[in-house]
Structures are given as C-alpha cells and as structure tokens.
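The values are calculated or read from the model by the stated rules, or taken from the named source; none is laboratory data. The shown structure was predicted, so the numbers you read here are calculated from the model rather than taken from an experiment. Here the Cβ is made from the backbone with ideal geometry for all residues, glycine too, and neighbour counts use every protein chain on show.
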Amino acid sequence: MKILKISTLFALALLISGCEKTNYGPIVEETYVHRYGVEVPAQDWAVKGQSGKVITTLKNGVVCTKNVSSGILEGETSYTFPYSETVQKVESYQNGNLEKMMAYYRSGKPTQEVIFNGQTRHVTKWYENGAPQSKEEIENEKLVNAHYYSPKNHLEAQIIFGNGNRIQRDVYGQSLSVDTIQDGEMVLCATTHSNGAPKDLIPYKNRVIEGELRTYLPAGEPNTIEMWYDGQKEGITLSFVNGEKYAEIPYISGLKHGIEKRFKDGKQLIEELTWNNDKRHGPSYSYIGDNKRTDWHFQDRLVTEKTFDLLDHGKTPKS
C-alpha cells in the first residue's frame, strides 16, 4: 500500500506541474473526474487509470481544467480569469505535447494564438477590437518572418529572413516601441513618450542590453547617456539637466564605483563624490569659487576624516 501511495502521489505531482509552471499560484483544491463522468478520490485516481479531467482551483482564483489520458495531457487544458468562469487561455495537447495555445480577452475575443511545430512557432496577435495586430514566425527562438499592422489594419512594418523592424503596440493600438531586428534578434529598441518624442534608445546584443543607451525627456532634451555591457551599466554614465551635462557617474558591474563628477553649465566642475560598490565611501569635494570643502562618508554614513580613517582600518572610534 505504501508503494501504491507513493507512486500515486508521484503521478499526481507530474500531472499538476502544468498548472504550477504557469505561475498562477499555489493549489487550493483539486478534483478528479473519471472519463465516464464520475468524480473519484485523489487516492483512487491512479488506480482508475488517470483518464478524465483534473480540475484545479488555484489560490488566486484561476481554475485550470486538464483533459488527461492514461496520465498524459490529451486534448484541451483551459485556464479561467481569476474568480471568473470566463476562459483566459486554452492549450491543446496531443500525447502530452503542446501543439497550440489560444489566449482571450475577457470579451471572449482572441488576443493571441501560438501554433507549435518542433522548433518553430507561429504567433498571431489581435487588438482588443478584433483587428489583427501581428503575425510572427519564430524558429529556434529567432524571429524569421513577421508582419505588423496598425489598428486600422494597415501593414506598417515587417521582418523578412530575420531582418527588418518590429512595431510593438499595446492592445489598444498605442505605440510601445520600434525594434530593429537583425539575424532574427533585436539589436535596438526605440521607445517614445506619449507626445511621440523619443524616450529610450536601448541597444541589445545576444538578447541583453549592451552598448550606448540613450534616454530623452518629453521635450527632446537628452536625459542620460549610459554605457552597458552584458546587461549591466559599465563605464561612465552622463546625466544632463536642461540639455547641459550635469554629471559623469562611473559604474562597474552595475554599481556606482569611482569618482563621480558634477558640473555647472556643463563645464565648471563643482563636486566630486567617491563611490564604492554603490555607496558613498571616502572623500567628497565641493568647489565654490576659490574655496574647496571636503566631506567624508563611510558606507553611506557622513563621518569625520578621523573617524573614516579608524573605521577604514577596522578600528572602533572612541565615543
């Protein structure tokens, strides 16, 4: 009996993993319905052949209904919207293999269809009003061919043999970004403010941010020029105020590290701040006319020079 119980629990664990992998949350309740329509206890599910439906209620209110044959997903698996009977997503399986996924708006109109064929996926999206938004062919995780449509169903961008532009919009048709695609991968993401002015120019290499990243304010003035390497800030970031350079901020592996310089009118040096692993640590200098002021920080805490020297050498200052 112990062996049967353990094997039954193992089979159930394999079966419910599909719901758990969706990140919908922990399971609250689970019901097993035999293929003849009779509900069976969990401990009898394996004995009865594991064929029928498994209905899972999750903590966030989503209900997942799986069709199973001999313990393997077969047919449709559906997910509702939280605390609703309206279907949010339907997955179609054959012999345990996912062949198709359909996602829906609360209105019942489709929002996305994904057809799986080996290493190739065909993805179709629709706007909330039902108009087609995009059609993409993805092979080995690379974007091979695609067409992108405006909310008025006008072709506005396309990818051919892995090269071209991708226009990303939200479900209402508002522009999110224009992405430059080369050899099937994004190399530049350009976003805009609500007034249409440039907002971000983000370079990518091997699917992570790398290169010179520029940000802009709604009126068009530069905000920052950042250097990135392998998904992290690296080198000098320039910060601007009213179009003039305000600061040069050094980064190493995504953390402020080194001497930050601040300027007046883009040229006159007015401050130097010492950073160590994203914390103020060491001397900071302020320049006012011919006067120079020095402040000391230890791990972001303002201290005296004497206290800094003691702490930096592992000694405890006297109170």
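Miscellaneous remarks
- Of all residues in region 189-207 being assigned to a strand (DSSP E or B) and charged (D, E, K, R), the one that is surrounded by the most Cβ atoms within 10 Å (Cβ to Cβ): Lys199
- Qualifying residue in region 14-24 (condition: closer than 11 Å to Cys64 by Cα, modelled with pLDDT of 85 or more and of a type outside the set (Val, Ile, Thr)): no
- All strands (runs of 3 or more DSSP E) inside region 100-170 with 3 or more residues being at pLDDT 95 or above and closer than 15 Å to Gln182 by Cα: 132-139, 142-149, 155-160, 163-169
- Residues of region 232-263 that turn out to be among the polar types (S, T, N, Q), within 19 Å of Glu221 (Cβ to Cβ) and surrounded by fewer than 16 Cβ atoms within 10 Å (Cβ to Cβ), as a count: 1
- For His154: the one exception among (1) of a type outside the set (A, V, I, L, M); (2) at negative phi; (3) touching a strand residue (DSSP E or B) at 6+ places or on another chain (Cβ under 9 Å): (3)
- A single entry from Glu234, Glu210, Glu248, Glu244 fulfils the requirement of being over 31 Å from the mean Cα position of the chain (by Cα) and free of Cβ contacts under 8 Å to residues at least 24 places away in the same chain: Glu244.
- Considered as a group, the residues in region 67-91 that are under 18 Å from Gly108 (Cβ atoms) and of a type in the set (Gly, Ala, Ser) include one that is surrounded by the fewest Cβ atoms within 10 Å (Cβ to Cβ), and that residue is Ser84.
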